1. State, in square angstrom and to the nearest 100, the accessible area buried between chains A and B, both chains counted, probe radius 1.4 Å.
2. Name the shape class, rounded, prolate or oblate, that the alpha-carbon gyration tensor gives for the stretch B:2-73, where a ≥ b ≥ c are the square roots of its eigenvalues, rounded holds for a/c under 1.5, and otherwise prolate holds if a/b is larger than b/c and oblate otherwise.
3. Given a 1.4 Å probe and every protein chain left where it sits, what share in percent of the accessible area of the protein assembly as shown is carbon and sulfur?
4. I need the trypsin sites (Lys or Arg not before Pro) found in the stretch A:51-101, filtered to DSSP loop residues with at most 11 other beta carbons within 10 Å of theirs.
5. Please give the net charge around residue A:102, taking every other residue with its beta carbon less than 13 angstrom from that of residue A:102, where Lys and Arg add +1 and Asp and Glu add -1.
6. Using just the helices of the protein assembly as shown, give the 222 nm mean residue ellipticity in deg cm²/dmol: DSSP H runs with n ≥ 4 each add -39,500 (n - 2.57), and the total is spread over all residues, rounded to 500.
7. Search the structure for amide H atoms under 5 Å from the amide H of residue B:3, placed 1.01 Å from N in the peptide plane, and list their residues when 5 or more places away or on another chain.
8. When the accessible area of each residue in the stretch B:6-32 is compared between its chain alone and the complete protein assembly (1.4 Å probe; ligands, DNA and RNA ignored), which residues differ by at least 40 Å², being lower in the assembly?
Amino acid sequence: MSITKQESSKLAARTGRNTANLRNWALAWVITCFIAVFGPKWWWDFNTLLSSIAVSLNLAVGAGMILSNRRYLQGLDELHRKIFLDACALSLGVGLITATAYGMLKNVKLIAFEPDINHVIILMCLTFLVGTIAGHRKYA
Amino acid sequence: MKNRLKVLRAERDWTQAQLADELDVSRQTINAIEKGKFDPSLPLAFKAARLFKLSIEDIFQDEGAAEQGEYSQGGY
């Protein structure tokens with residue numbers, strides 16, 4: 001067997017490429033979100049056609065980001081894929097349970113304000129982060 | 001699952017990073033397998049077996065089966 005320096009960066013190179021690709025798609029998605037939310041108010045005065053195009057573009061770029069995320073996941077080695085999927089499962093579970101309970105709060109008059117979906121998204125992101133860190137610590 | 005990965009690696013004087021590169025996984029994965037914290041998939045186990053020119057059973061042993069073997073040898 002010959003172990004050379006050239007061989008040593010296959011996984012790292014692939015992961016680096018996929019991470020950069022995912023970062024670009026995520027950035028593009030955030031930009032299209034911004035355009036779809038603020039464009040109607042600031043730039044085209046709620047023109048239906050332009051708003052439809054902006055939302056369609058946001059959905060199309062979102063689909064691209066999902067595919068890029070899939071490619072990223074497939075490029076990981078099996079331990080990191082497991083850590084990623086475990087964190088996803090935790091985030092999805094917490095998001096589902098919390099969103100359901102949070103949605104009920106207004107109806108049962110436990111909160112006075114309208115529940116905001118963004119709070120659930122932030123919670124899911126934080127849960128995913130905690131799950132990923134916990135996974136890395138577990139297998140360190 | 002028990003394994004002899006660390007011993008086999010040491011016999012060949014390879015580092016975890018070198019073995020990880022050969023198996024196209026991260027060093028963290030090799031470390032977790034060696035410590036018994038993570039069980040590799042069948043394709044990865046086959047890859048390791050090919051690399052060391054051994055059978056999978058020579059590298060990985062199922063702890064449950066090993067215990068059963070000990071019991072049967074002891075007449076249980």
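1. Values: alone 10320 and 5330 Å², together 14060 Å².
Using a 1.4 Å probe, the pair buries roughly 1600 Å².
2. Details: a/c = 2.00, a/b = 1.85, b/c = 1.08.
Note, shape of the stretch B:2-73 comes out prolate.
3. Numbers: 8910 of 14060 Å².
The computed percentage sits at 63.
4. Numbers: sites: A:70, A:71, A:81, A:82; in loops: none.
Sites meeting the loop and neighbour criteria: none at all.
5. Working: positive: A:106; negative: A:114, A:116.
My count for the surroundings of residue A:102 gives -1.
6. Details: 10 runs with 162 residues, N = 216.
Estimated from H runs of four or more residues: -25000 deg cm²/dmol.
7. B:61
8. Relative to the lone chain, where solvent access is computed with a 1.4 Å probe, the stretch B:6-32 loses at least 40 Å² at B:21, B:22, B:24, B:28.
The values are calculated or read from the model by the stated rules, or taken from the named source; none is laboratory data. Keep in mind the model is a prediction, meaning the values are calculated, not measured. No Cβ is skipped: glycine too gets one built from the backbone with ideal geometry, and neighbour counts run over all protein chains shown. Note: areas computed on protein heavy atoms with side chains; ligands, DNA, RNA excluded. Shrake-Rupley method; radii C 1.70, N 1.55, O 1.52, S 1.80 Å.
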